[in-house]
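Here's the structure we're looking at; comments come further down.
A short reminder: the numbers here are calculations on the coordinates, not readings from a lab. The structure displayed is predicted, hence computed values, not measured ones. Neighbour counts run over all protein chains shown; Cβ positions are idealised from the backbone, glycine included.
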Amino acid sequence: MSDTKEFWDEMWSRMDDTGSDSNKLLLAEVNGIPPGRALEIGCGTGGNALWLAKQGWQVTALDFSTVAVDKARKSAASNGVDVDFVVGDASTYQPEGQFDLIATFYIQLFPEQRRQMLTWAVKALAPGGTLLFVSHDRSSSPPSGWSEADLLSLTTPEEIVAELPGLQVEHASQVCGATVVKAFRLA
Ligand SMILES: C[S@@+](CC[C@H](N)C(=O)[O-])C[C@H]1O[C@@H](n2cnc3c(N)ncnc32)[C@H](O)[C@@H]1O
């Protein structure tokens, strides 16, 4: 892995991914939250975003890979689902308005970029809103092919909690090799 747009464009061009598959963790964590405005950061080909939209969420989904976003848009169109897919960098993105759910799965940013992302994400969370952060955990074996530099993007639940000032943590743990943090803004 190398966290560049070029890397991900090339990766997504090679993958025959229809964007129809959503993450099981998302299903479990979002279950019971009334739909509102959702933002997915690092949406890839859009499986999670499409699933959220089908549950009634009004979804904005961000990724810096134009190849991924093109595939995601096609997938949304062929599924008759409305999602606002946006091409942009997660570290510098400036969202419009507030969100009832902000979710990010395995975006694997380097620490400074990740802190920038979480800083704006915390501010963009509506009162009562939920933030769900999932990434490869430092305690697990990294995916094959990762360089020494890539390892800097691994996380621990404690690090992520420390980067979410002002939010109440519902749970923060290591689950099947992933850092999983769910936190919310008090209403
Ligand atoms: C491992 S994929 C995960 C895709 C999806 N979240 C999932 O779980 O299936 C990581 C995604 O994050 C995107 N990404 C990585 N760095 C990014 C950045 N700085 N800004 C926006 N997107 C980024 C990549 O283009 C890629 O689509």
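Among the residues of the range 26-75, those that are of a type in the set (Val, Ile, Thr), in a helix (DSSP H, G or I), within 11 Å of the ligand (Cβ to nearest atom) and buried (at least 16 other Cβ atoms within 10 Å of the Cβ) comprise VAL67, VAL69. Note on the range 81-187: enclosed strands (runs of 3 or more DSSP E) holding 1 or more residues that are within 13 Å of the ligand (Cβ to nearest atom) and farther than 23 Å from THR4 by Cβ are 99-105, 125-136, 178-184.
Does ALA103 fit the bill of being crowded, with 23+ Cβ neighbours inside 10 Å and either touching a residue at least 24 places away in the same chain (Cβ under 8 Å) or not aromatic (Phe, Trp, Tyr) (or both)? Yes; evaluated as a whole, the condition is true for this residue.
Put simply, of ASP150, ASP89 the only residue that is over 27 Å from PRO34 (Cβ atoms), in contact (Cβ under 8 Å) with a residue 24 or more places away in the chain, surrounded by fewer than 21 Cβ atoms within 10 Å (Cβ to Cβ) and under 14 Å from the mean Cα position of the chain (by Cα) is ASP89.
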